[in-house]
Each structure stands twice: as C-alpha cells, then as structure tokens.
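Student: So that we are looking at the same thing, I have put the structure below in structure tokens.
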Amino acid sequence: MCKDKKVIGIDVSKDKIDVYKAGVSKVYSNDQQGFKLFKKELLCEYSHCVMEVTGAYHQLLAMYLHQKGVAVSVINPLIVKRFIQMQLHHNKTDKSDAKQIASFGEQQTLNLWTPPAKHVTQCKLIYACINQYNKQSTALKNKLHSLASQGIQTGALVRSVKRQVAHLKTEKNKLEEELEKLINKHDAELYTNLKSVPGLGKKTALLLIVSLDGFRDFENYRQVCAYLGLSPVEHSSGSSVRGRTRISKRGNPLMRNYLFMCSFTACEHNEQCKALYERIVNKGKSKNYIHIFLFRK
C-alpha cells in the first residue's frame with residue numbers, strides 16, 4: 001500500500017455502513033444510494049478502504065468500490081478482533097469498530113481485494129443452497145421418524161412430509177447437475193484428477209473445488225491443510241503443561257467431515273493409505289487419529 005494513501009475504516013452491517021476517515025465518523029445506507037453518496041466524498045487516488053468479511057453484506061460495497069477504481073481490502077474478522085484485543089479496547093459499537101479497522105489498516109500491510117470470477121461465486125451459491133436442502137431434508141426425515149415412533153405411519157401428515165422430502169431430493173439433484181456442469185466447464189481437468197483418487201467421491205471432489213476455488217490461491221498442501229483447519233496444534237509449556245495435539249478445526253467443518261468419511265474408504269481401496277493405516281495401527285495409535293492423519297495426507 002502506498003504511504004500517501006489515506007486509510008478508511010468501514011464497518012458493514014445489513015442496513016448501514018459506518019465509515020471512519022481522518023478522525024471523522026459518518027454513516028451511510030448499505031445500498032446503491034449510500035454507496036454513491038460515500039463515493040462523492042472520496043478521493044479515489046488517495047483512499048484505501050478497509051472492511052471485514054461480513055457474510056454477504058460487504059460484497060456489494062466491495063464490488064462497487066472496486067469497479068470505481070478505489071483500492072479495497074477485505075480482512076478476516078478474526079484478525080481484526082485480535083488486533084482490537086491487543087489494543088485493550090473494550091467498547092463494541094459500529095462506530096468504534098470502523099475506527100479500529102482504520103487503525104488496523106494504517107499499521108498493517110494490506111493486500112488489495114479482487115472480486116472472484118463469476119462462475120466461482122455461482123458455484124458457491126449453488127452449493128450453499130444444496131447444503132441447506134440437505135439440512136431441511138434431514139429435519140423432515142427426523143420428523144417422519146418421530147411420527148413413526150408415535151405409531152403414525154400413514155395419513156395426510158405423513159404423505160405431506162414425504163412429498164416434501166421427495167421434492168427436496170429432486171431440486172437438490174438438479175442443482176448438483178448444474179454445479180457439475182459449471183465445474184466441467186471451468187475446472188474439468190482438476191475435477192477428473194480428483195475423482196481419480198481412490199477413496200475420493202464425486203461430491204467430495206466438487207466440494208473441494210468449490211471451497212478452495214480450484215486450489216488457485218494455494219502453493220502447497222500445507223496451506224490447504226491450514227485453510228481447512230487440518231493443521232496440528234500443539235499445546236505445551238515448560239515441563240508441566242503437556243496438552244494433546246489436535247487439529248485447529250478452523251475453516252469449513254463440512255469439508256472436514258467429507259474428508260474424514262473419505263478416509264474410511266481410502267483405507268480399503270487406496271493401497272498407499274491402506275499400508276500407512278496398518279503401519280500406524282501397529283504402533284498403537286487410535287483409529288480416529290489415523291483417519292485424521294490420512295485425510296491430511
């Protein structure tokens with residue numbers, strides 16, 4: 001970041017954006033009208049806007065500023081939270097958050113944000129919807145189980161719930177087909193390579209590509225492990241503290257669950273994984289430890 005640029009801290013919420021620049025705090029609406037008003041008061045060539053990732057709320061503003069040629073950085077909120085804690089600040093308001101984000105931007109090296117490719121965003125939206133359908137389907141199946149345990153296995157209520165389960169399955173299959181078409185169009189070679197790994201199924205391969213943006217931002221497997229929360233975390237100090245080493249569990253829990261289940265299949269059908277599994281079992285390690293070790297490899 002150029003030293004002459006003025007850092008502007010932005011705290012984004014559903015309906016408004018709190019802006020802090022040069023000791024002045026202002027509030028704008030989180031819509032196109034608010035963006036235009038904010039842009040009028042901005043000197044593009046001397047401004048660097050910094051905001052946190054806030055689900056979907058920050059995306060429109062970040063895209064708008066990027067299209068207008070304004071330097072934008074989108075920061076992991078956990079990093080900003082730790083920065084605020086280091087400053088020993090206790091107040092938690094939108095106004096104070098915007099000020100602290102600006103302070104963070106002034107003291108840290110910032111990477112410029114660039115919008116993801118259109119197909120990447122579309123894939124993530126489709127998979128989020130598929131995941132939601134899975135949760136709804138599970139809830140409805142649990143409802144059927146609950147009704148059956150009460151002796152209710154027929155009737156209008158049971159038929160209605162079954163129709164909803166069937167409908168969700170149909171819609172989910174359609175979205176999975178659309179997702180596979182997009183992946184085959186943009187990442188066909190990677191998709192084929194992932195499916196060729198013994199123990200790795202089609203759904204896991206799709207989720208890996210969607211979650212990791214086709215591995216474009218990763219240089220080695222260690223970075224992938226860290227991003228998915230698979231990196232080991234050691235807890236020890238001096239001679240008295242000897243905590244168990246665990247994985248960090250940061251990142252996508254669904255992806256970790258898929259990989260964990262794949263490790264069971266890999267132990268049966270992947271000769272290298274099978275040999276590694278047997279070797280570690282002979283050392284007396286727990287089976288859960290071995291499966292976690294395998295899907296990190």
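Student: Which members of region 113-131 meet the condition of being open to solvent by 90 Å² or more (accessible area, probe 1.4 Å) and free of Cβ contacts under 8 Å to residues at least 60 places away in the same chain? Step through it out loud before you land on a result.
Tutor: Taking region 113-131 and keeping what is open to solvent by 90 Å² or more (accessible area, probe 1.4 Å), we get 114, 118, 124-125.
Within region 113-131, THR114, LYS118, LEU125 meet the criteria.
Student: Just one of the numbered conditions (1) open to solvent by less than 40 Å² (accessible area, probe 1.4 Å); (2) at pLDDT below 85 is not true of ILE183; which one?
Tutor: (2)
Student: Of the conditions (1) assigned to a helix (DSSP H, G or I); (2) closer than 27 Å to ILE84 by Cα, THR109 clears all except one; give me its number.
Tutor: Going through (1) assigned to a helix (DSSP H, G or I); (2) closer than 27 Å to ILE84 by Cα one by one, THR109 breaks only (1).
Student: Now for a different question. So, in region 144-168, of the ones that are small (Gly, Ala, Ser) and farther than 30 Å from ILE126 by Cβ, which residue ends up most open to solvent (accessible area, probe 1.4 Å)?
Tutor: The qualifying residue most open to solvent (accessible area, probe 1.4 Å) is SER149.
Student: Pick from region 61-99 the residues that are of a type in the set (S, T, N, Q) and either open to solvent by 90 Å² or more (accessible area, probe 1.4 Å) or out of contact with any helix residue (DSSP H, G or I) (no Cβ under 9 Å at 6 or more places or on another chain) (or both): which of them is modelled with the highest pLDDT?
Tutor: Residue satisfying both the conditions and the ranking: GLN67.
Student: Any residue in region 44-56 that is open to solvent by less than 90 Å² (accessible area, probe 1.4 Å), out of contact with any helix residue (DSSP H, G or I) (no Cβ under 9 Å at 6 or more places or on another chain) and of a type in the set (Val, Ile, Thr)?
Tutor: Scanning region 44-56 turns up no residue that is open to solvent by less than 90 Å² (accessible area, probe 1.4 Å), out of contact with any helix residue (DSSP H, G or I) (no Cβ under 9 Å at 6 or more places or on another chain) and of a type in the set (Val, Ile, Thr).
Student: For the subset of region 200-218 comprising residues that are in contact with an Asp or Glu (Cβ under 9 Å, 6 or more places away or on another chain) and open to solvent by less than 20 Å² (accessible area, probe 1.4 Å), which member is nearest to PRO116 (Cα to Cα)?
Tutor: The extreme case among them is GLY214.
The values are calculated or read from the model by the stated rules, or taken from the named source; none is laboratory data. Everything quoted here is computed from the prediction, not taken from an experiment. Glycine gets a Cβ as well: all are built from the backbone with ideal geometry, and neighbour counts include every protein chain shown. SASA here: full protein model, heavy atoms, side chains in, ligands and nucleic acids out. Shrake-Rupley method; radii C 1.70, N 1.55, O 1.52, S 1.80 Å.
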